[in-house]
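Asker: Pasting a structure here, questions to come.
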Amino acid sequence: MMDSIKTITVLGGRGKTGESEQVGTVTFRMGDVISIVGPTGSGKTTLINDIALFANKTTPSQRRLLINAASPPPEYGDDPSLNPIAMINQNTKIFLNAPVGVFLTLHAEVRHRGGEEIAHLVARTIDFANQLTGEPILLDRQTTELSGGQTRALLIADASVICNAPIVLLDEIENAGIDRAKAMELLRKSRKIYLFVTHDPTIALQSDLRIVMQNGTMAKVIHTSDAERKLSSGSLRRVDEALSALRNKIRDGETISSEELKGVL
Amino acid sequence: MKKIVICAGPTAVGKTSVLRHVIRKLLAKNIRVAYLKNDVQYATDAVVLAEEFGIPTATEYSGEFCPDHASVTTLYDHIRWAWSLGTEVFLVETAGLCLRCAPYALPEESLGIVVLEETSGIDLPFKIGPMLTLADVAMITKIDMVSPAEREIFLARTRKAAPNVRVLEVNAQAGIGIDPLVTRILNTPDLAENDFPTLRGHPPLGTCTVCSGERSMNPNRHRGVVAITGGGTRFSGQ
């Protein structure tokens, strides 16, 4: 059932002041990477929350979600092991106070669908997370002691490895100082439907399409043009890498010379 | 239609926020609603909800008594009050203190709702006992405050602690997830006219008649110092 997801469709509802959405319906296909962009407060997070909640005119936006052009079965929302959606929200704090290994094991037991051993799944998750963080996360550390960036990295790894869901929703992956380019690279190794809420031009232009939000509504859908794709794999990438290198030097306590950005300017 | 809904849960989990959305949705269906708050010594919800919705509301303070004792010995009077106003759904919110009692009347007489919050720790579902396990519906609030991973763990543990309870996740701030609860309320059996409801579970051992196991809500069956409607006490016995 989970592997057979081909499309998801959002049927538009209404915005904050009751107006209908300009984008009445939008469909994403397996393998699509979508960015959701727009000013703060324009309803980006609300849109992915509606998707995560399998909205069926049951949220204030009155949107509906269809999977493979039909209403999703109620088990998706009731049983985490059947849920085809994994979401990473903007949380940078875990309330559940337990060692990291226990936390991941508890979640793996809930999401598990048989097959791989839980201990192995947990080990793969921590490996994934530690490729995104500066200082490694240890399995016996308390979840509540992790930094914001470590928490974020752990939750991204959890959604990707433990949930292993065909639809992944990510809310501002660029925040909290994790290695964003590495995260994109690791995530995109598996073919899924990805929706990124983002303010980051690199992420937006690496997507197949972007939904522009305005006043709580889906105002526009823009398909990434060839020129935009060229930019994202060319000069924008070099700017991004140069900034990354600069960030890492500052993190490592080095001093910066006026030569640093010569190559991209 | 004459339905009783009894809503319990620890302090500050969002019971009133859940009921506020329920009231809004019931009123939109032209159903007459009344609201009672049982608390110890301070609560403004009845005043706030009366102003917001223009519905009849009341507050019962238990004072020196445990609020579950007071709710048992005063509920009958409040039910009569609610019916006298033509109420169709009577929402009763009770303050939960020691979490040992479950204030719900029998399933054929009422709907029992427990409200829990995501941030209360993963052992809570196993700690609180009858308040959860004897409810019909458990509403988990504050789902936007934790990571989806924590939500799924809390959901699974609540279901494990109370396999027969329908567990629903809600964002009571945005009113998400309220509709299935409203449906359950409308499917609750009507309370028979002049029926003294009966507690669903057995209260703990103790010294008052409620604590000693008297489940009838007929105030005349309670002995010792008994809380009376509107505050104050009476003594019943020799």
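Asker: I'm trying to understand the selection: among the residues of region A:243-265, which are out of contact with any helix residue (DSSP H, G or I) (no Cβ under 8 Å at 6 or more places or on another chain) and of a type in the set (A, V, I, L, M, F, W, C)?
Answerer: A:LEU243, A:ALA245, A:LEU246, A:ILE250, A:LEU265
Asker: Next question. When you go through A:GLY253, A:GLY177 one by one, which is the residue that is assigned by TED's automatic domain parsing to the domain that holds A:GLU19 and surrounded by fewer than 21 Cβ atoms within 10 Å (Cβ to Cβ)?
Answerer: A:GLY177
Asker: Of these, B:TYR35, B:TYR42, which one is among the hydroxyl-bearing types (Ser, Thr, Tyr), surrounded by fewer than 19 Cβ atoms within 10 Å (Cβ to Cβ) and either more than 14 Å from every other protein chain (Cβ to nearest Cβ) or in a loop (DSSP other than H, G, I, E, B) (or both)? Give the steps one after another, and end with the answer.
Answerer: Working: B:TYR35 fails: surrounded by fewer than 19 Cβ atoms within 10 Å (Cβ to Cβ).
Answer to the check: B:TYR42.
Asker: Can you find, within region B:187-201, the residue that is surrounded by the most Cβ atoms within 10 Å (Cβ to Cβ) among those that are touching a helix residue (DSSP H, G or I) at 6+ places or on another chain (Cβ under 9 Å) and touching a residue at least 24 places away in the same chain (Cβ under 8 Å)? First the steps, then the outcome.
Answerer: Kept after step one, since they are touching a helix residue (DSSP H, G or I) at 6+ places or on another chain (Cβ under 9 Å), are these residues of region B:187-201: B:191, B:193-197, B:199-201.
From what's left, touching a residue at least 24 places away in the same chain (Cβ under 8 Å): B:191, B:193, B:195-197, B:199-201.
Working: B:LEU191: 19, B:GLU193: 7, B:ASP195: 18, B:PHE196: 15, B:PRO197: 23, B:LEU199: 25, B:ARG200: 20, B:GLY201: 18.
Across region B:187-201, the extreme among qualifying residues is B:LEU199.
Asker: At pLDDT 95 or above, out of contact with any His (no Cβ under 8 Å at 6 or more places or on another chain), under 24 Å from B:ASN171 (Cα atoms) and not in a helix (DSSP H, G or I), is that true of B:ILE23?
Answerer: Taking the combined requirement at face value, the residue does not satisfy it.
Asker: Looking at region A:68-83, which of its residues are touching a residue at least 24 places away in the same chain (Cβ under 8 Å) and either surrounded by fewer than 21 Cβ atoms within 10 Å (Cβ to Cβ) or of a type in the set (Gly, Ala, Ser) (or both)? Full working, then the answer.
Answerer: Looking only at region A:68-83, we keep the residues that are touching a residue at least 24 places away in the same chain (Cβ under 8 Å), and these are A:68-69, A:77, A:80-83.
Across region A:68-83, the qualifying residues are A:ASN68, A:ALA69, A:GLY77, A:SER81, A:LEU82.
Asker: What's the number of the condition A:VAL26 fails, among (1) over 24 Å from B:SER147 (Cα atoms); (2) in a loop (DSSP other than H, G, I, E, B)?
Answerer: (2)
Asker: Among (1) hydrophobic (A, V, I, L, M, F, W, C); (2) touching a helix residue (DSSP H, G or I) at 6+ places or on another chain (Cβ under 8 Å); (3) without any contact (Cβ under 8 Å) to a residue 40 or more places away in the chain, where does A:ILE36 come up short?
Answerer: (3)
Asker: Let me ask you something else. Please go through region A:53-64 and pick out each residue that is surrounded by fewer than 21 Cβ atoms within 10 Å (Cβ to Cβ) and more than 13 Å from B:ALA174 (Cβ to Cβ).
Answerer: A:ASN56, A:LYS57, A:ARG64
Asker: Got a sec? Which of A:ARG152, A:ARG191 is basic (Lys, Arg), touching a residue at least 60 places away in the same chain (Cβ under 8 Å) and within 14 Å of chain B (Cβ to nearest Cβ)?
Answerer: Just a single option satisfies the conditions, and that option is A:ARG152.
Asker: Within region B:46-65, can you find the residues that are over 23 Å from B:VAL89 (Cβ atoms) and surrounded by fewer than 22 Cβ atoms within 10 Å (Cβ to Cβ)?
Answerer: Within region B:46-65, B:TYR61, B:GLY63, B:GLU64, B:PHE65 qualify.
Asker: Name the strands (runs of 3 or more DSSP E) wholly within region B:66-176 that hold at least 2 residues that are within 14 Å of chain A (Cβ to nearest Cβ) and within 19 Å of B:THR16 (Cα to Cα)?
Answerer: Per the criteria, B:111-117, B:137-141, B:166-169.
Asker: Sticking with this one: Are any residues in region B:187-232 aliphatic (A, V, I, L, M) and over 27 Å from B:ILE128 (Cβ atoms), and if so, which ones?
Answerer: Across region B:187-232, the qualifying residues are B:ALA192, B:VAL225, B:ILE228.
The values are calculated or read from the model by the stated rules, or taken from the named source; none is laboratory data. In this text, all values refer to a predicted model and were calculated from it rather than measured experimentally. All Cβ positions, even for glycine, are placed from backbone atoms using ideal geometry, and neighbour counts span all protein chains on display.
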